[in-house]
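Student: Handing you this structure, nothing more for now.
The values are calculated or read from the model by the stated rules, or taken from the named source; none is laboratory data. The structure displayed is predicted, hence computed values, not measured ones. Cβ placement follows ideal geometry from the backbone for every residue including glycine, while neighbour counts extend to all protein chains displayed. Heavy atoms of the whole protein, side chains included, go into the accessibility calculation; ligands, DNA and RNA do not. Shrake-Rupley method; radii C 1.70, N 1.55, O 1.52, S 1.80 Å.
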Amino acid sequence: MKNKFQSSKFFVALTLTLVLVGCSDYLDVDTDTDAPTVAPLAQLLPGAQLGVFNSGDYNFWAGGILSVYTHQATTREDTDQYGTRPDNITINNEWNNTYLTLTDIESLISQGTESGDLMYVGVSQLLKAYLMAGAVDLWGDVPYTEASQLEGGIVSASFDDQEMIYQSVLDLIDTAKSNINSEEGIEPGSEDLIYGGNMNQWIRFANTFKLKLYNQIRTTSLFNQTDFNALVAEDNFMESLADDFELEHTANQAPTDERNNYWQSAYESTQFADYQSPWFYEILQGWNPEIFTDIQDPRIPYYFVNQLADGELPPDNGNAETGDPNADYWDENTGFFSIRFGSIGPDRDFAVENSATYPGIFPTGGLYDENTGYSIDATSGTGVAPHRLLTYDEFLYIEAELILEGLIAGSAKDKLEEAMEASFRQVDEVVAGTGTTQEVPVLTGSEEVANYIGAVLASFEGASAERQLEVIITQKWVSTFGDPVDQYADLRRTGYPRIPNPNASGNEYQLDMGDFPLNPNFTVQNNEFPKSLFWPQNELNLNQNAPAQKTPANYTIFWDN
């Protein structure tokens, strides 16, 4: 039912997108200004940017799948136990969005080149680079050189080699910078939904994005030390949270719903399907015996909102006479309620609309947890929170990793501290922008944050290089909650953050309330971890040049170690 619901919503979104950007209606230039057949660049750019930011988003794109793969969410659907199918509707949506958006971007590049508006062309090329690097990160080989060539008679686009696409993307970033720096033609303005036409910020994004890509490929033959050194020497990267590559959402609901998609999928869903991961929760609580043990994260009430107050028996299925909560995972002391990854427990499939924990104010624009219990519905929170794709704090974690690997100079510990401080400022900034009526404490400068950062740095100092890498990547994973695309890449290329093993013989989870013990035999994993996404089956059926379907557990991305 959810898939049908999402499919219909996606159809509506596609229809609106085509109405708004309608590239196919503007292929021939007409000199009649009263009946134009070429859309102005200023009208094409917002639609292309929205398409890029739909990539990896929630609701009807791949964010829901990837957040389960990266263990910040759990579900009862086929994504559980890594069982996603090649005809999964959100995989199809992700693929379709990629190539619809690529078509729009190619129109921008073509028209901007013809009109001499090279700053528009440069911005559009950066969007193309981001979109197609992301496609490789998810699928590996994908159509690229022959994609969006329907006017040229190419109906079945060949799949290009993933390394070739990455090299093309790196080159495209340099070309885009040259076009932006040329200052030729019209400069984008308020129609630029990301940086409002600030070309300096686009250049900083371009450099930061390229550094991110080089970090991902640093162990491959594609790594170009000379080009990397030149990029580092240019030293023109993101400077603050103001440079975040993110899409600001609003509270507008008409003519289209502009609220955060993760908020919509959680707070407005007609069926409760996305749960908050107990594994993630326990790491934040400091309960995991292998990482950040006894270090409680101050962001918990910003990340999760519990419907249950402390000690409140879950109302959906709890037995007041016996005190049995009939829960798959329930922390009586905080009200956190969820299901475990790979659960086959007897309480996994009960209705829990009034018990389950929701994503909080930071990732979605939902509620801050004031520890009072809530009855959450579509009126809870504002849904005003940005979709973050590449942020300043993420850039600092990337720098910390590169310092650790000896590729740039500096102190990895100092850079990690700087990154964590920026991550807490990021939470405060998002909360301030939600328009919430709650009184939410500011994290920056608080004693709790100072103690937390100090404890994490103490676990980092003196540790082995491998352990230090785990600390950096795990902190990055915690800080980028709500943006699972890069988390999925980090997990595959580094092996971190560590993830649960439902087939382990010992206690996978540490919660044990005495009267609510967790049975480790009630979690299983019947599928291997997917190293890439299935290619959509519809594409393989219709594209005569498509390869045979892959086995995701065996098909690796070229930078995957």
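Student: In the chain, if the dipole is taken from +1 on Lys/Arg beta carbons and -1 on Asp/Glu beta carbons about the Cα centre, which of SER107, GLY345, GLY406 is farthest to the positive end?
Tutor: Working it through, the farthest residue towards the positive pole turns out to be GLY345.
Student: A further question follows. What is the sum of charges around GLY345, taking Lys and Arg as +1, Asp and Glu as -1, for the other residues whose C-beta is under 15 Å from the C-beta of GLY345?
Tutor: Values: positive: ARG76, ARG340, ARG348; negative: ASP80, ASP324, ASP328, ASP347, ASP349, GLU508, ASP512.
Here the charged neighbours net out to -4.
Student: Go through LEU150, LEU222 and list them by solvent-accessible area, largest first, probe radius 1.4 Å.
Tutor: Working: LEU150 120, LEU222 25 Å².
Largest accessible area first, the residues go LEU150, LEU222.
Student: Oh, and also: Taking the mean number of other Cβ atoms within 10 Å as a proxy for protection, how do you rank 77-90, 38-51, 248-261, 481-494 from highest to lowest? Could the numbers behind the result be given before it?
Tutor: Numbers: 77-90: 18.4, 38-51: 20.3, 248-261: 16.7, 481-494: 23.1.
Highest mean packing first, the order is 481-494, 38-51, 77-90, 248-261.
Student: About its Cα centre, how strong a charge dipole does the stretch 426-537 have in debye, to the nearest 20, once Lys and Arg get +1 and Asp and Glu get -1 at the Cβ? Show your work: numbers first, answer last.
Tutor: On the way: 6 positive and 15 negative charges, 115 e Å.
Value, rounded to 20: 560 debye.
Student: Quick one: which of LYS476/LYS550; LYS128/LYS210; LYS210/LYS476; LYS415/LYS531; LYS476/LYS531 span more than 23 angstrom between C-alpha atoms?
Tutor: On the way: LYS476/LYS550 30 Å; LYS128/LYS210 13 Å; LYS210/LYS476 18 Å; LYS415/LYS531 30 Å; LYS476/LYS531 20 Å.
As for pairs spanning more than 23 Å Cα to Cα, those are LYS476/LYS550; LYS415/LYS531.
Student: Keeping all protein chains in position, work out how much accessible area MET119 exposes to a 1.4 Å probe, and write it in Å² to the nearest 10.
Tutor: Surface open to solvent at MET119 totals about 10 Å².
Student: How big is the dipole moment of the chain about its Cα centre under a simple scheme where the beta carbon of each Lys and Arg is +1, that of each Asp and Glu is -1, and everything else is neutral? Debye, nearest 20, please.
Tutor: Values: 26 positive and 85 negative charges, 219 e Å.
Value, rounded to 20: 1040 debye.
Student: Here's a follow-up. Extending each Cα 7 Å along its Cβ direction at SER110 and ASN317, get the distance between those two points in nm, one decimal.
Tutor: 5.4 nm
Student: For SER479, tell me the accessible area in Å² from a 1.4 Å probe, rounded to the nearest 10.
Tutor: Only protein atoms counted, so the area is about 0 Å².
Student: At 24 angstrom or more along the helix axis (alpha-carbon based) and mean Kyte-Doolittle of 1.0 or higher, what helices does the chain contain? Whole DSSP H runs only.
Tutor: Details: long enough: 2-21 (28 Å, 0.82); 89-115 (39 Å, -0.39); 118-139 (31 Å, 1.13); 162-181 (29 Å, -0.15); 199-216 (26 Å, -0.63); 412-433 (31 Å, -0.44).
Within the chain the helices that satisfy the rule are 118-139.
Student: With a 1.4 Å probe and all protein chains left in place, how much accessible area per residue does the stretch 131-217 have, in Å²?
Tutor: Numbers: 3050 Å² over 87 residues.
With all protein chains present, the stretch 131-217 gives 35 Å² per residue.
Student: Same structure, new question: So what is the relative contact order of the chain, in percent, for Cα pairs below 8 Å that sit 6 or more residues apart?
Tutor: 17 percent
Student: Taking the stretch 278-369, which GluC sites (Glu not before Pro) meet the DSSP loop condition and have no more than 12 other C-beta atoms within 10 Å? Let's see the in-between values first.
Tutor: Numbers: sites: GLU282, GLU290, GLU312, GLU321, GLU332, GLU353; in loops: GLU290, GLU312, GLU321, GLU332, GLU353.
Listed in order of number, the matching sites are GLU290, GLU321.
Student: Using +1 at the C-beta of Lys and Arg and -1 at the C-beta of Asp and Glu, which of ALA273, SER158, THR293 has the Cα lying farthest in the positive direction of the dipole of the chain?
Tutor: SER158
Student: Moving to a separate point now. As a check on your grasp of the helix formula, calculate [θ] at 222 nm for the chain: sum -39500 (n - 2.57) over DSSP H runs of n ≥ 4, divide by the residue count, round to the nearest 500.
Tutor: Working: 18 runs with 242 residues, N = 561.
So the calculated ellipticity at 222 nm is -14000 deg cm²/dmol.
Student: Assign unit charges at the C-beta atoms only (+1 for Lys and Arg, -1 for Asp and Glu), then state the dipole size of the stretch 270-375 relative to its Cα centre in Debye, rounded to the nearest 20. Show your work: numbers first, answer last.
Tutor: Values: 3 positive and 18 negative charges, 65 e Å.
Roughly 320 debye for the stretch 270-375.
Student: Towards the positive end of the charge dipole of the chain, with charges on Cβ (+1 Lys, Arg; -1 Asp, Glu), say which of VAL431, GLY482, ALA73 has the farthest Cα.
Tutor: The listed residue farthest towards the positive side: ALA73.
Student: Can you put LEU170, LEU100 in order of accessible area, largest first, using a 1.4 Å probe?
Tutor: Values: LEU170 5, LEU100 65 Å².
Sorted by accessible area, descending: LEU100, LEU170.
Student: Rounded to the nearest whole Å², what accessible area per residue is found for the stretch 346-482 with the 1.4 Å probe?
Tutor: Working: 4890 Å² over 137 residues.
Heavy-atom SASA per residue in the stretch 346-482 reads 36 Å².
Student: Counting only the heavy atoms of the protein chains, how much of SER107 is accessible to a 1.4 Å probe, in Å² to the nearest 10?
Tutor: Here the accessible area works out near 20 Å².
Student: Hey, another quick one. Rounded to the nearest whole Å², what accessible area per residue is found for the stretch 222-326 with the 1.4 Å probe?
Tutor: I get 41 Å² per residue for this part.
Student: Sticking with this structure for a sec: Carbon-plus-sulfur fraction of the accessible area of the chain, 1.4 Å probe, in percent?
Tutor: Accessible surface attributable to carbon and sulfur in the chain totals 47 percent.
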